[in-house]
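Enquirer: Submitted below is the structure of interest, expressed as structure tokens.
The values are calculated or read from the model by the stated rules, or taken from the named source; none is laboratory data. Small disclaimer: the values here were computed from a predicted structure and weren't measured. Reconstructed Cβ throughout: ideal geometry from the backbone, glycine too, with neighbour counts over all protein chains shown.
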Amino acid sequence: MDNELLCESWKMRNAATTMLMLTEEQMRHAVQEADVTRIISLIETFTPARSAGPEWTRTLEPLMERLWAWRDDETMAVLAEAFRARGMPWVAVTNALSPEFGAQSRANARQPAWARLPAFSSI
């Protein structure tokens, strides 16, 4: 590998990191400003009828981590009740909205002193 390719790869890595940080900030602001109805609509994009398998799990878990980090317990309880009422097809979502999952998620999200954002366990 020549030095030019190595330098270009490092620049691309830095640009991707910056973009991810900016996107996380934008998402955090959007989630904090959204009302419950809008958050429900976002979560509905994970409907089991349209999303199944590892891709669904891979993206649902990071969303739930962020919701638990960025919203209060009262909002999360309202969300949990809304999906609990939908029955078995939504049990994975309901479980991710449970207080137990929330406590674990919040405990696992680390906020190093130097970090602008929490170090979530899932991307």
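Enquirer: Please count how many residues of the range 1-50 are acidic (Asp, Glu), within 19 Å of residue 77 (Cβ to Cβ) and part of a loop (DSSP other than H, G, I, E, B).
Expert: 1
Enquirer: Still on this structure: I'd like the full set of residues that are touching a helix residue (DSSP H, G or I) at 6+ places or on another chain (Cβ under 9 Å), assigned to a helix (DSSP H, G or I) and not small (Gly, Ala, Ser), limited to the range 65-80.
Expert: The initial filter retains those residues of the range 65-80 that are touching a helix residue (DSSP H, G or I) at 6+ places or on another chain (Cβ under 9 Å), namely 65-71, 73, 75-80.
Now drop any that are not assigned to a helix (DSSP H, G or I), which leaves 65-70, 73, 75-80.
Result: 65, 66, 67, 68, 70, 73, 75, 76, 78, 79.
Enquirer: For the structure I just gave you, tell me whether residue 47 is within 20 Å of residue 89 (Cα to Cα), within 11 Å of the chain's Cα centre (by Cα) and at pLDDT below 90. Break it down stepwise before answering.
Expert: Details: within 20 Å of residue 89 (Cα to Cα): yes; within 11 Å of the chain's Cα centre (by Cα): no; at pLDDT below 90: yes.
Judged against the criteria, residue 47 is not a match.
Enquirer: Between residues in the range 1-28 that are more than 18 Å from residue 63 (Cβ to Cβ) and residues that are among the basic types (Lys, Arg) and assigned to a helix (DSSP H, G or I), which pairs lie under 7 Å by C-beta distance while being six or more apart or on different chains?
Expert: Going by the 7 Å Cβ cut-off, there are no qualifying pairs.
Enquirer: Kindly indicate whether any position in the range 63-82 is of a type in the set (Asp, Glu), modelled with pLDDT under 90 and out of contact with any Gly (no Cβ under 8 Å at 6 or more places or on another chain). Write out each step before concluding.
Expert: Filtering the range 63-82 down to residues of a type in the set (Asp, Glu) leaves 65, 72-74, 81.
Within this subset, residues satisfying the condition of being modelled with pLDDT under 90 are none.
Looking for residues that are of a type in the set (Asp, Glu), modelled with pLDDT under 90 and out of contact with any Gly (no Cβ under 8 Å at 6 or more places or on another chain), one finds none in the range 63-82, hence no.
Enquirer: Can you name the condition, by its number, that residue 41 falls short on among (1) of a type in the set (S, T, N, Q); (2) surrounded by 14 or more Cβ atoms within 10 Å (Cβ to Cβ); (3) at pLDDT 90 or above?
Expert: (2)
Enquirer: Let me ask another. Tell me, yes or no, whether the range 96-115 has at least one residue that is modelled with pLDDT of 90 or more and touching a Gly at 6+ places or on another chain (Cβ under 9 Å).
Expert: Within the range 96-115 (the criterion being modelled with pLDDT of 90 or more and touching a Gly at 6+ places or on another chain (Cβ under 9 Å)), the answer is yes, since at least one residue qualifies.
Enquirer: Which one is surrounded by the most Cβ atoms within 10 Å (Cβ to Cβ) among residues in the range 83-93 that are modelled with pLDDT of 95 or more and either closer than 13 Å to residue 42 by Cα or not charged (D, E, K, R) (or both)? Spell out how you get there, then give the answer.
Expert: Pass one, the range 83-93, residues modelled with pLDDT of 95 or more: 83-85.
Now narrow it down to the ones that are either closer than 13 Å to residue 42 by Cα or not charged (D, E, K, R) (or both): 83, 85.
Values: 83: 21, 85: 9.
In this case the residue turns out to be 83.
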